[in-house]
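Visitor: Sending over a structure as structure tokens; questions will come in a sec.
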Amino acid sequence: MKDPTTYFPGDSLNEADPPGLSAFRSSRRAFIKGVIASGAVAASSGYLLSGCAPGEGPAAGSVERLISLNVNGRIRRVDVLPNETLAMTLRYKLGLTGTKLACDRGECGACTVVIDGMTNYSCSTLTHTVGSRSVRTIEGLEGPDGELHPIQQAFIDELGPQCGFCTPGQIMSTVVLLERNPKPTRDEARRALSGNLCRCGAYDHYLNSVMRAAEVI
Amino acid sequence: MPSYDVMPDVPLFQPAEIGDALNLVEQFGKGGWVLGGGQDTYGWLKDRAKQPTALIDLNGIEALHGIRQTDDGLEIGATTTLREIIANPLIKRDYELLASAASRVASPQIRNVGTLGGNVGQDARCWYYRRGLACYRAGGNLCYADSPQGMNREHALFDASRCVAVSPSDTATALVALQATMIARSVNGRREIAAEDFFVGPATHITNMTSLEPDEILTAVRIPSHWAGSRFYFEKVADRDVWDFALVSIAVVMTMDGDTITNSRFVCGGVACTPYRLHDVENAARGRTLSDESGDALAALASQGAKPLNYNHFKIPLMENLVRRAMRG
């Protein structure tokens, strides 16, 4: 394992960097992610280790633990518990913390990811049910040089988010909408984003953002 | 009631054949929890309000998925998603009622994965029950909703027996209206159940909203061609247009001779523990034309016999007005 302050399995930039350079890139975010990846935070060990009580092997006939997931175009090998939700796998195993967990009950949309072109609540999807389908998260939108996706840029330009916590989910719903319907009406956009709550109530700003994104794409 | 962040430790099985799935539900009995889209599963588990011993994921079984034409109508596999039902051209053409009902379920993300089998099989939405309290439905001897302080705005007007929870499914009302047949299988064979008998009230079975046995799996839903292309009306009234369950919903099928109604079925959701048929309205509708006058005449029959609780009187005029709206020309 690399230096825990810079090691971050979900960050392709760090993995591609020459070894000497990574130390200079060490940021607060990378540090936090490193800590999460190494399981050193007491709070996160609960997520990682639940169901790992000694002597409890998987029941006969149940699923394999080590699986391959196609996340943002890359095949990731990951050890997944039978009862683990995709949101947990993405955030705490793969370090893709752009996907947010809020209600954890499929009632808010903060955890929305795209699986094979369809929006899904990752808090209410078992990772084992994903299979070979491709998962797209907010981290998968940026371009090769880290430039923002036009939808992300439109959300910034229109001051879409207020606190920003629901924004990754809102953007993933917008990605799917604009793939299917590049020129939606405001009402179609409203319906497409209806499975994503915003407690700040910035819905009109989000809709402005979607309409701008539809213009620039 | 503590809130847990994580899923409990439950083994997951992903059978690829229906035979394997039937063996698993036989093996685990009441402890086996069949998974469709899982949208009525993880909340129960995360809250520790239900503690199954095994999850059996049916989504890998091809035979349970898809929409096929039969000699007499359509067969919809139990793991067909609501989204697929909404988008299906055959359903849109002949049974648009079901597509409208499915399109009002929950939110887009939930419709993307939520299955027809899961939608009709979902459990009661009473929050006392969902909180894991030992109410009648959970095997206890008390109803928290039907108590002097109970919050029962969403609860039943009809057919309550100890439990006052209502049928939460939007597609269930449409399937009862369309006279669908549910196909259930177990290792011991196959059973066809009329949709009307599939949903059971607390007087029949206090802990189960359907007549499925623990060792049975709902494999498909058949819709007969009888009502294909007839006049349909579906409306759901809920607090929010997304996520929320029906306060009252109505699914109506009518065959017409010119302007005159020859036959009809009126089914309300959210007012009883099962989809609730308005027999009196159906009888009175025969021979009438669609008009505001007919609507006024039928509306009065809709809520006869209602026994409102402390906070759900509003459902009576709501039901009556939905009948009026269904009868508009």
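The values are calculated or read from the model by the stated rules, or taken from the named source; none is laboratory data. As the structure is a computational prediction, the values presented were derived from the model and not from experiment. Heads up, the Cβs are rebuilt from the backbone with ideal geometry, glycines too, and the neighbour counts pull from every protein chain shown. These area figures cover heavy atoms from the full protein model, side chains too; ligands, DNA and RNA do not enter into them. Shrake-Rupley method; radii C 1.70, N 1.55, O 1.52, S 1.80 Å.
Visitor: When the residues of region B:91-112 are narrowed to those that are under 15 Å from the mean Cα position of the chain (by Cα) and charged (D, E, K, R), which ends up nearest to the other protein chains (Cβ to nearest Cβ)?
Guide: B:R111
Visitor: Shifting gears a bit: What number of residues within region B:288-329 satisfy the criterion of being of a type in the set (K, R), over 18 Å from B:A251 (Cα atoms) and surrounded by 14 or more Cβ atoms within 10 Å (Cβ to Cβ)?
Guide: 1
Visitor: Taking region A:85-113, which residues are closer than 28 Å to B:A16 by Cα and open to solvent by 10 Å² or more (accessible area, probe 1.4 Å)?
Guide: Across region A:85-113, the qualifying residues are A:M88, A:K93, A:R105.
Visitor: Are there strands (runs of 3 or more DSSP E) fully within region A:87-185 with at least 2 residues that are within 10 Å of another protein chain (Cβ to nearest Cβ)? List them.
Guide: Result: A:112-115, A:118-121.
Visitor: Tell me, please, whether a residue that is of a type in the set (F, W, Y) and in contact with a Leu (Cβ under 8 Å, 6 or more places away or on another chain) can be found in region B:89-108.
Guide: Yes, the conditions are met somewhere in region B:89-108.
Visitor: Which one of these does B:P214 not meet: (1) in contact with a strand residue (DSSP E or B) (Cβ under 9 Å, 6 or more places away or on another chain); (2) in a helix (DSSP H, G or I); (3) more than 14 Å from every other protein chain (Cβ to nearest Cβ)?
Guide: (2)
Visitor: A:R133 is checked against (1) touching a strand residue (DSSP E or B) at 6+ places or on another chain (Cβ under 7 Å); (2) surrounded by 15 or more Cβ atoms within 10 Å (Cβ to Cβ); (3) in contact (Cβ under 8 Å) with a residue 24 or more places away in the chain and fails just one. What number does that condition carry?
Guide: With respect to (1) touching a strand residue (DSSP E or B) at 6+ places or on another chain (Cβ under 7 Å); (2) surrounded by 15 or more Cβ atoms within 10 Å (Cβ to Cβ); (3) in contact (Cβ under 8 Å) with a residue 24 or more places away in the chain, A:R133 is out only on (2).
Visitor: Can you tell which of B:R104, B:R48 is in contact with a Phe, Trp or Tyr (Cβ under 7 Å, 6 or more places away or on another chain) and within 26 Å of B:S167 (Cβ to Cβ)?
Guide: Of the residues listed, the single one that is in contact with a Phe, Trp or Tyr (Cβ under 7 Å, 6 or more places away or on another chain) and within 26 Å of B:S167 (Cβ to Cβ) is B:R48.
Visitor: Let me ask you something else. Evaluate region A:80-98: report whether one residue or more is among the aliphatic types (A, V, I, L, M) and more than 14 Å from the chain's Cα centre (by Cα).
Guide: Looking for residues that are among the aliphatic types (A, V, I, L, M) and more than 14 Å from the chain's Cα centre (by Cα), one finds at least one in region A:80-98, hence yes.
Visitor: Contact list please: Cβ distance under 7 Å, first residue in region A:107-118 and at positive phi, second residue open to solvent by 10 Å² or more (accessible area, probe 1.4 Å) and part of a strand (DSSP E or B), pairs at least six apart or on different chains.
Guide: Within 7 Å, the pairs are A:D116/A:S134.
Visitor: How many residues does region B:190-222 contain that are of a type in the set (G, A, S), in contact with an Asp or Glu (Cβ under 9 Å, 6 or more places away or on another chain) and crowded, with 16+ Cβ neighbours inside 10 Å?
Guide: The total comes to 3.
Visitor: Still on this model: Only one of B:D241, B:D257 is of a type outside the set (G, A, S) and over 30 Å from A:G195 (Cα atoms). Can you tell me which?
Guide: Being of a type outside the set (G, A, S) and over 30 Å from A:G195 (Cα atoms) holds for just one of B:D241, B:D257, which is B:D257.
Visitor: Consider A:S194 carefully, then state whether it is surrounded by fewer than 22 Cβ atoms within 10 Å (Cβ to Cβ) and assigned by TED's automatic domain parsing to the domain that holds A:N72.
Guide: So A:S194 does not fit the description; no.
Visitor: Search region A:116-129 for residues being touching a helix residue (DSSP H, G or I) at 6+ places or on another chain (Cβ under 8 Å) and of a type in the set (V, I, T), and hand back the single one that is surrounded by the most Cβ atoms within 10 Å (Cβ to Cβ).
Guide: In this case the residue turns out to be A:T119.
Visitor: Just to be sure I understand, how many residues within region B:228-277 are crowded, with 24+ Cβ neighbours inside 10 Å and either touching a His at 6+ places or on another chain (Cβ under 6 Å) or under 21 Å from B:S107 (Cβ atoms) (or both)?
Guide: Of the residues in that region, 7 qualify.
Visitor: Could you please let me know if B:S225 is surrounded by fewer than 21 Cβ atoms within 10 Å (Cβ to Cβ) and in contact (Cβ under 8 Å) with a residue 40 or more places away in the chain?
Guide: So B:S225 passes the test.
Visitor: Ok, one more. What number of residues within region A:191-209 satisfy the criterion of being of a type outside the set (G, A, S) and either in a loop (DSSP other than H, G, I, E, B) or within 10 Å of chain B (Cβ to nearest Cβ) (or both)?
Guide: The number of residues fulfilling the criteria is 7.
Visitor: Going by what's in this entry, would B:G66 be described as surrounded by fewer than 16 Cβ atoms within 10 Å (Cβ to Cβ) and away from every other protein chain (no Cβ under 14 Å)?
Guide: Judged against the criteria, B:G66 is a match.
Visitor: I'd like the full set of residues that are open to solvent by 50 Å² or more (accessible area, probe 1.4 Å) and within 13 Å of chain A (Cβ to nearest Cβ), limited to region B:40-59.
Guide: B:R48, B:Q51, B:T53, B:N59
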